[in-house]
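Here is the structure we will look at.
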Amino acid sequence: MQSGFLWRRLISFLDAFHFLVLLETPACVVTACRYYESLGRRTYITPTSYLELIKTFKRLLEKKRLELLTFKNRYLNGLEKLDFAQSQINHMQQDLTALQPLLEHNSAVIFCCLEDY
């Protein structure tokens, strides 16, 4: 499925981005390692730019979800309108079928009147 592929690519990108940021700030990594060695607690370093990237992605994802929901609602509304139009057409066809003998009779009467005129 396409979305699974996209998710794997996105996760891979974010992981690589995070790793590259850590490579650019080795002093932070060394300090975090010393902290772990002395206290036995892990410290994770997440730069502001990475957090902003995640926030931007979340905003874009929400925007796209709302856009898709709007398109879905428009589609469903269009289907309802088409269904209503089809029912109206069926009703009119039944009316015309029921009135067909009367129309034929009236046409014959009018034709006779025109011949007499």
- Query: Treating the beta-carbon of each Lys and Arg as +1 and of each Asp and Glu as -1, no other charges, what is the dipole magnitude of the range 65-117 about its Cα centre, to the nearest 20 debye?
  - Reply: 640 debye
- By Cβ neighbour count within 10 Å, fewest first, THR43, THR70, THR48 rank THR48, THR70, THR43
- Message: Given R₀ = 30 Å, what would the calculated FRET efficiency be for ASP15 paired with LEU76, taking r from the Cβ atoms and rounding to 0.05?
- Response: 0.20
- Message: Mean Kyte-Doolittle hydropathy of -1.0 or higher plus an axial Cα length of 27 Å or more: which whole DSSP H helices in the chain meet both?
- Response: 2-24, 48-116
- Candidate lysines for bridging to LYS64, where Cα separation is under 22 Å - those fewer than 8 sequence places away on the same chain excluded: LYS55, LYS72
- If unit charges are put on Cβ atoms (+1 for Lys and Arg, -1 for Asp and Glu) and the dipole of the chain is taken about its Cα centre, the option from GLN86, PHE71, HIS105 lying farthest towards the positive end turns out to be PHE71
- Nitroxide proxy distance, nm - points 7 Å out along Cα→Cβ at SER107 and LEU51: 8.1 nm
- At 7 Å along the Cα-to-beta-carbon direction for both LYS58 and TYR35, put a label point, then send me their distance in nm to one decimal. 2.2 nm
- Over the range 65-117, equivalent-ellipsoid semi-axes from the Cα gyration tensor in Å: 48, 10, 4
- Task: Give the label of the value calculated from the structure for P(r) over Cα pairs in 5 Å bins from 0, in percent, choosing from [x] 2, 11, 21, 23, 19, 13, 7, 3, 1, 0; [y] 2, 13, 26, 28, 22, 8, 1, 0; [z] 2, 8, 8, 10, 8, 7, 7, 5, 5, 4, 4, 4, 4, 4, 4, 3, 3, 3, 2, 2, 2, 1, 1, 0.
- Result: [z]
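Every read-out reported here was derived from the displayed coordinates using simple, explicitly stated rules and does not represent laboratory data. This one's a predicted model, so the numbers in the text were calculated from it and none came from an experiment. Cβ coordinates were reconstructed from backbone atoms using ideal geometry, including for glycine residues, and neighbour counts include every protein chain displayed.
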